[in-house]
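What follows is a set of notes on a single structure, which appears directly below.
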Amino acid sequence: MSQPENPWKTLGSRLIYENPWIRVREDQVLRPDGEPGIYGVVEFRNRAVGVLPVEDDGSVWLVGQHRYPLGDYSWEIPEGGGPVDESPEATAIRELKEETGLTCGRLEQIGTSHLSNSVSDELAYIFRATELTPGESEPEGSERLDVRRVPWDEAWRMLQAGEITDSMSVIAILYEATRRLGGKP
């Protein structure tokens with residue numbers, strides 16, 4: 001499909017803030033209507049990776065934790081950031097082990113997503129893991145995790161009730177629902 005020409009014009013850019021995980025820049029722009037404006041952009045230094053662990057009986061593993069930016073508790077699939085020199089698959093395997101203690105015999109990529117493309121360039125890779133083997137988790141110091149094996153019906157109910165709002169988790173659970181309904185995701 002052809003794409004129209006970019007209607008935004010960047011006149012200048014300046015770095016506002018940076019740390020090991022993100023950079024924030026402010027661009028002086030000409031908007032699509034020709035008027036001058038500013039645009040703030042968050043550039044991520046890592047890739048986001050999430051993995052939905054699915055057991056043979058159809059249950060899934062979820063991780064609960066307090067998310068600082070939200071000021072609230074979040075139930076989600078195991079996920080984290082991976083450096084650009086690490087493959088998304090390696091990040092998925094590492095995050096699965098760190099957060100749940102699980103290792104997988106099979107890992108399939110189910111999608112990619114720009115998580116908030118109106119303000120950031122963050123790109124996520126989302127996987128489905130099966131043939132799971134339990135082990136000891138190794139959470140990072142910034143994580144206090146509640147790891148639960150959840151029957152599929154409960155995970156689906158949580159999504160429908162708005163108890164799961166993390167975008168990678170929503171995508172993974174919707175993918176799994178489509179798969180279970182016999183769709184071709």
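The values are calculated or read from the model by the stated rules, or taken from the named source; none is laboratory data. Bear in mind the structure is a predicted one, so any value in this text is a computation, not a measurement. Note: ideal-geometry Cβ built from the backbone for every residue, glycine included; neighbour counts use all protein chains shown.
So here's what we get for this one:
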| item | result |
| --- | --- |
| Matching residues in region 54-73 - criterion: being at pLDDT 95 or above and within 14 Å of the chain's Cα centre (by Cα) | L62, V63 |
| Subset tally (residues that are outside any strand (DSSP E or B) and at pLDDT 95 or above) for region 14-30 | 1 |
| Candidates L159, L115 - the one that is out of contact with any Pro (no Cβ under 8 Å at 6 or more places or on another chain), modelled with pLDDT under 95 and either closer than 23 Å to A177 by Cβ or outside the structural domain of I173 (by TED's automatic domain parsing) (or both) | L115 |
| Condition broken by G101, with the remaining ones in (1) touching a residue at least 24 places away in the same chain (Cβ under 8 Å); (2) within 19 Å of V170 (Cα to Cα); (3) not polar (S, T, N, Q) satisfied | (2) |
| All positions within region 1-56 that are in contact (Cβ under 8 Å) with a residue 24 or more places away in the chain, in contact with a Lys or Arg (Cβ under 6 Å, 6 or more places away or on another chain) and charged (D, E, K, R) | E43 |
| Any hit, region 112-121, residues being under 15 Å from P78 (Cβ atoms), in contact with a helix residue (DSSP H, G or I) (Cβ under 7 Å, 6 or more places away or on another chain) and crowded, with 16+ Cβ neighbours inside 10 Å | no |
| Region 67-82, subset assigned to a loop (DSSP other than H, G, I, E, B) and out of contact with any helix residue (DSSP H, G or I) (no Cβ under 9 Å at 6 or more places or on another chain), residue farthest from R23 (Cα to Cα) | G71 |
| All positions within region 1-30 that are among the acidic types (D, E) and out of contact with any strand residue (DSSP E or B) (no Cβ under 9 Å at 6 or more places or on another chain) | E5 |
| Some residue of region 71-78 being surrounded by 19 or more Cβ atoms within 10 Å (Cβ to Cβ) and without any contact (Cβ under 8 Å) to a residue 60 or more places away in the chain | yes |
| Flag for G82 being in the same structural domain as D166 (by TED's automatic domain parsing) and modelled with pLDDT under 95 | yes |
| Filter pass, D56 being touching a His at 6+ places or on another chain (Cβ under 8 Å), surrounded by fewer than 22 Cβ atoms within 10 Å (Cβ to Cβ) and at negative phi | no |
| From the options G50, G64, residue that is assigned by TED's automatic domain parsing to the domain that holds Q160, farther than 17 Å from D121 by Cβ and in contact with a helix residue (DSSP H, G or I) (Cβ under 9 Å, 6 or more places away or on another chain) | G50 |
| Criterion violated by L11 - all others in (1) over 30 Å from P83 (Cβ atoms); (2) part of a loop (DSSP other than H, G, I, E, B) satisfied | (2) |
| Matching residues in region 115-134 - criterion: being in contact with a strand residue (DSSP E or B) (Cβ under 6 Å, 6 or more places away or on another chain) and of a type outside the set (A, V, I, L, M) | S120, D121, E122, Y125, F127, R128, T130, E131, T133 |
